[in-house]
Amino acid sequence: MERRLVVQGIENLLEISIFTILALFMLGGSITMIMSRQTIFSAFGFLVAMIALAGIFALLDARFLAVAQIMVSVGAIVVLSILTVLTINMREENLPYERHKYKWMFFSFILALPITLLIYKSATAMYESFKTMEAVTSKVVGKLLFSEWVLAFEIVSVLLLAAMVGAIVIARKEIPKHEIPKEERA
Amino acid sequence: MMDNILTNIIFLPLFAAVVLGVFRADTKYLKIGAMLSSVATLFLVLFMTYNFDPHAGMQFIKISPWIQNAGISYFVGVDALSLVILLLISLLMPPLYIYMYHEKRKGYWYNMMLLQTGVSGAVLSLDMMLFYLFWETMLLPIFVMIGKYGNGLHRYNSMKIVLMTILGSMSMLFSIMYIGYIYFETHGIWSFALNDLASIDFNAQTSIWLASGFLLAFAIKIPLVGFHTWMAPAYGSAPTPAVVIMSSIMAKLGIYGIWRFGYSLFDSTLSYYAPTIITLALIGLLYYAIRAITELHLRRMFAYSSGSHLSLIALGLFLGNIYAWSGSLYFIATHALASAGMFIVIGLTYKRFNTVYLDSLGGIASKAPRFSFFFAFFALSIAGLPGTGGFVAELLIIIGAFKVNFYIGVATATTMLSAMVYIFWMLQRALFGTANNEREYEDLSFREMIMLLPLVVLLIATGVMPSFFMQIFDPFLVSTLEAFTLNSGGVK
Amino acid sequence: MIEQLILTLPMAIIVLGAFVLLLISHSKRFNLDRLNLIAVFFLILSSCVQFIIFKSNDIEFLFSDVFGETFILDTFSRIFDLMFTIGAILTLLINNDYFKSRRYFNGEYFALILFSVFGMMMLSHAHELVTAFIALEIASLSVYALVGYHKNNRVSSEAMLKYMVLGSMTGAFFMLGTALIYGAVGSTNLSDIALYTANHNIDEMSLLMVGASFISITIMFKIGAVPFHSWVIDVYHGAPYPITMFMASTFKIAIFAIALRLYIVNFGEVNVFWSELLQAITILTLIGGSWMAISQTLVKRMLAGSSIVHSGYLLIGISSLGLGSEMAGPAVMFYLIAYFISAVGSFGILSFIASQSKTQMRFEDFKGFANRRPYMALMMSIFMLSLAGFPSTIGFLGKFYIFTSAIESGQILLAGLGILTAFISVYYYFKLIAMMYFYESDEQKKKLPIDISTILIFAMGLVVVWGGMGTTLIPFIPGADGFIDIAQETINSLK
Amino acid sequence: MSPNLFFLLASLLFSIGLVGLVSRRNLFVLYMSIELMLSSINLLLATFSKVLGDASGSVIALLMIGVIAAEAALFLAMIVHIYRSSRSVDSDNFTALAQGKE
């Protein structure tokens, strides 16, 4: 009996410390992201935040989500972003010159504060503790995904296709200038 | 035949316009078509008048459901009040088409036909929404005619008249919708038919607000002083046919609206507004007369003159006794004839001399006697020359005013005097004085005589035998007045 | 089973059409004309199927054993489906000349239009918030790409940038609201939410209210209500004419599809809570939109500004809905139909002109337009009169219903303000008419080309007039009464 | 362990994203801020999922990752296009519309 309590206490402590570390990484990463002038540092901050988010998902027993987060968000999206940053290879003088960055940040933080409090207060007022549930493994997710959420799942595929087409259309090299009549040139 | 006669009267000109437009008629055929449609309409109206029973109230009623979900119906009918204005518009149209004989711009003709439909529809419709539809429709041709065919700052002025008029009609629309909603609330169905809405009892406060919505629209249309800023510029830059319709018919529709809708919807509330409107009308009488005296531009001068006389009509309406009322209604008719003639003559003046400024006219009397006869006749009949209808009407209103209050009577009587002042002064400068020998003074042609003679005859006839004409609307006035005194006891 | 599959056909055809267009878009054999025709063919096929299955009301939720109650089939969604497909068909056909006159259009363009139509249809059928969000994203992402389609044009790219950043941000708000509602209710299904709002006291629902407010922000943004309007004029201006037409008419209506469903069915119980806020937004929208519409020199920007005002009128209807007006639902629906037709027509004429001149249309460019193109000028006047709410057009009846519903719910001041803005709108719409008619033109009168675009524009003009004063005397063709009946039936099917 | 901390973290992340979106001009940062906002919603969903004892929240979050990916694709394409056409990722650089250019 004693021993179980001790184990639980240690587990709790462990959980809280892991959460704290992850949360600090997330906050640090995201704050780096919005603060740094160099785009590549921002992207690395974002990367750190996303990896930490995967850890927090795992802490919330959403294991499949954690894996998906690592694979899709980190492995695809963030890496793609970093690759884009590197491909573009912006020179220093092409970066925006933001003189009043911190002033703006301060003001917008004051604006965003009520929203933060609103979300936090309204969510915490309703729920005080976790329910015990089985871990959300791939089996559970798979079952749900193909019963209750199958419609949403299927139209996500259409969404991805539409976004892909849109991205191709936008990013494709333009028609060479000399082929365009003069009056259409911007 | 008699069943659909009002529908035919309303839509015949529009139908003609559509047919001519679809076949893209040449100007030659357009003229003939327009003339035929107006003459046919005139015959229909005369035929209807022949069958009209003065004692029967609303007649030739035609109701058919139109947009049922909103309770809007096609509901037309005619009584003495609307008959007077309907007669006027259909009488004036043929002379105007004769006046436009040389007009080659097609839009002109189409707009006139549309205008006739709009005006006669507004006069005959007894459903509030239908009335609103025609009320707005008749604005469109005026907008186009001033803006496209006018002179001076015509584009600006046409925008001005449209905006001011629509401001009024929007407030009226709001009142109409509110009244309709009150009817819906009490009866559970929508209806905008006038006799349905007239059965509603409003509480006093609501009634005052709703009446103000209507009165704003009509005051702008008349225009009462304070709502008149569009008048002189619009009259000044509009082409002659549009001016004739505006001053002879459309301004009278403001009076008509108060009479028709004001008195049937909120009779007792109108006496709440009566002192204000009587004051405004009295101020208008003098103010417009003074402006007319100082004005040198003939069209603007008669714009002010017509404002002054319309104030007199509005005054007579709100005095609320039988003399003033019959005077008002009679004056609607006679002033319409006189001012139509006057504006046509001014138009002829402009065609001949290319100016309508008093200081550049002069000496017409010796060179073009027929022309100056008509010129003088119409001007004097506007001023209320004894022997023309205007004299009778003004006298009646003045008697009515004296019956109410001595001071109002005196103030009213000044109109006749001030009108005499500016008319005689104007005649003296325009017709007499030294003639400009370099100018060609062309006298009236046969076609122009034909166009003006009916107006002259009618003006004299209304002056010589008023009782013959008044028998059309006397029963109407008596019965309305009875209902009115029953509800509010007139003006204290 | 097979019956349910048939019910999915309209959407399946649209997606299939998009696939086919993607596959053949780079084939040399298909020029723009043919691609356009193929896209229209799929859309027409879809709307034909919609007509055929229109009356089959026995199935309420599609594949309810698999999908759960996520895909609803009611008259409401079917009417909206029809409007989206018709809107897309009109956009494609009226702009046929425009596509040919510009070099930058190609096959993917039509595929993207079909994708966005699919998203909108999904949005009107969605009975579940996550599905609705994904559907909204499908429509939005396609429209973002379409707005920036003219890539050599700086203005077009800028419009896309602006729209995409702001649109994605407000999209995030929609999802945040969904997450919070999920937290409160434990489900995102609309039936569960409706059950929850019906059974709980308003004090217990703070989490749901916060979530619903966030969703409202997104809706307000997408319809361009002030103060979320900053993108509207610039994006409408920057986008190519066909896309502006598509956004102003079809996409805007799609947002109202989900908004009406949410406000009538789900938050019906809690609407009273934010009625004051909604009234404030409505007032701001009416005044701000009017101000913006007055101060423009480009006709396209004026129409964009006036579309904000029209959102304001619709918001009057929605706020009357919240205060328990019976007529407000059909009024909003009818106004949507009226606005849809008038907007399609007016933007159609703009792109018709643009397909021949290649400059932006200023008010001054319309001087003497009635001389050059009398019929087009007449049509434009009809659409302007309808947008201004002139009687005998469908726009007048729309305003009539909106204002009476406002009076019914006791919002007299709001109705008065609406009338006032309608009066102001007369100024900028009549200004265009004045420009067209009051000036003579030096150019020769041009012959009216009788092709599919002009015919469709004329048909729209006819509908505008017929919808304003038509009767149901002629069978099979809805007159003014018929449109109102449709609106009524649509809203009734929601409850 | 109580869910409050998770809620706090999620709402903080959301507002950090919002702050970045409002205050920065670098298009990349704008893009990543939006992604951050969406990710914070994922966190919120996962937390609610555990609070309610219902796995659906995690599934919604999973679907959301798909949506995030779609938006990312379009955004990156737009940034590449805009950088290529104007050599800039400054959102304030685009003011042609505000100046009424054509």
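A few remarks follow.
- Rg/Rg_globular for region D:26-88, with Rg_globular taken as 2.2 N^0.38 Å and Rg from C-alpha atoms: 1.43
- Convex hull of region B:66-126 built on C-alpha atoms - directionally averaged projected area, nm²: 5.2 nm²
- Alpha-carbon Rg/Rh ratio, for the protein assembly as shown, with Rh computed the Kirkwood way: 1.05
- Chain B: relative contact order in percent, alpha carbon pairs under 8 Å with at least 6 residues between: 15 percent
- Rolling a 1.4 Å probe over the protein heavy atoms leaves C:H237 with an accessible area of roughly 0 Å².
- In a DSSP loop and with at most 11 other Cβ atoms within 10 Å, the chymotrypsin sites (Phe, Trp or Tyr not before Pro) in region B:1-99 are B:F23.
- Within the straight-line cut-off of under 20 Å between alpha carbons, the aspartates and glutamates reachable from B:K160 are B:E136, C:E364, sequence neighbours fewer than 8 places apart in one chain being disregarded.
- Ratio of Rg to Rh for region B:270-492: 1.03 [Cα atoms; Kirkwood radius as inverse mean 1/r over pairs].
- Accessible area buried at the B-C interface, both sides summed, 1.4 Å probe (Å², nearest 100): 3300 Å²
- HN-Hα J in Hz across region C:27-40 - Karplus 6.51, -1.76, 1.60, θ = phi - 60°, x for Gly and Pro: 6, 6, 6, 9, 8, 4, 3, 5, 4, 4, 4, 5, 4, 5
- Among the listed pairs B:K62/C:K495; A:K173/C:K358; C:K222/C:K367; A:K173/C:K300, those beyond 32 Å (Cα-Cα): B:K62/C:K495; C:K222/C:K367
- Pairwise label distance in nanometres, B:L163 with B:F23, each label 7 Å out on the Cα-Cβ vector: 4.3 nm
- Cα-based shape type of region B:47-198, given that a ≥ b ≥ c are square roots of the gyration tensor eigenvalues and the cut on a/c is 1.5: oblate
- Student exercise, chain B dipole from Lys, Arg, Asp, Glu Cβ charges, in Debye to nearest 20: 1400 debye
- Cleavage-rule hits (chymotrypsin sites (Phe, Trp or Tyr not before Pro)) in region C:390-495: DSSP loop, at most 16 neighbouring Cβ within 10 angstrom: C:F476
- Cα-derived Rg to Rh of chain B, Kirkwood definition: 0.95
- Put simply, the C-alpha atoms of region A:54-186 give a gyration tensor, and the ellipsoid matching it has half-axes of 39, 28, 16 Å, longest first.
- Taking each DSSP H run with n ≥ 4 as -39500 (n - 2.57) and averaging over every residue of chain B yields -24500 deg cm²/dmol at 222 nm.
- Within a straight-line Cα-Cα reach of under 24 Å, B:K367 can be paired with the following lysines, leaving aside sequence neighbours fewer than 8 residues apart in one chain: B:K351.
- Computed over protein heavy atoms with a 1.4 Å probe, the carbon and sulfur contribution to the accessible area of region B:83-169 reaches 67%.
- Computed over every Cα-Cα pair of region B:403-491 and binned at 10 Å starting from 0, the pair-distance distribution P(r) comes out as 11, 17, 34, 20, 12, 5, 1 percent.
- Region B:270-492, relative contact order [Cα under 8 Å, separation at least 6], %: 28 percent
- Residue (of C:I477, C:T359, C:L62) at the positive-pole extreme of chain C, dipole from beta-carbon charges: C:T359
- Among C:S441, C:I382, C:T250 - extreme Cα towards positive end, dipole of chain C, charges at beta-carbon: C:S441
- Under conditions of 25 °C and 0.890 mPa s, region A:1-90 yields 170 µm² s⁻¹ as its translational diffusion coefficient, taking Rh as the Kirkwood radius over Cα pairs in the Stokes-Einstein equation.
- Chain A, relative contact order in percent, only Cα pairs under 8 angstrom and at least six apart counted: 16 percent
- Calculated [θ] (222 nm, deg cm²/dmol) that DSSP helices of n ≥ 4 give over chain C, each run adding -39,500 (n - 2.57): -24000 deg cm²/dmol
- Point-to-point label distance, C:N199-C:L166, nm (Cα→Cβ direction, 7 Å offset): 4.1 nm
- Here region C:2-492 is treated as a Stokes sphere of Kirkwood radius computed over C-alpha pairs; at 37 °C and 0.692 mPa s its diffusion coefficient rounds to 145 µm²/s.
- Portion, in percent, of the accessible area of region D:26-88 that falls on carbon or sulfur, probe 1.4 Å: 53 percent
- Basic side chains Lys and Arg get +1 at the Cβ, acidic Asp and Glu get -1 at the Cβ, and with that the dipole of region B:388-492 about its Cα centre reaches some 420 debye.
- Leading residue at positive end of dipole, the protein assembly as shown (Cβ point charges), from C:I202, C:N492, C:A304: C:A304
- Rounded to the nearest 20, the size of the Cβ-charge dipole of the protein assembly as shown about its Cα centre is 4140 debye, with Lys and Arg at +1 and Asp and Glu at -1.
The values are calculated or read from the model by the stated rules, or taken from the named source; none is laboratory data. No experiment lies behind these values; they were computed from the predicted model shown. Ideal geometry is used to build each Cβ from the backbone, glycine not excepted, and the neighbour counts take in all protein chains shown. In case anyone asks, the SASA skips ligands and DNA or RNA and just uses the protein heavy atoms, side chains included. Shrake-Rupley method; radii C 1.70, N 1.55, O 1.52, S 1.80 Å.
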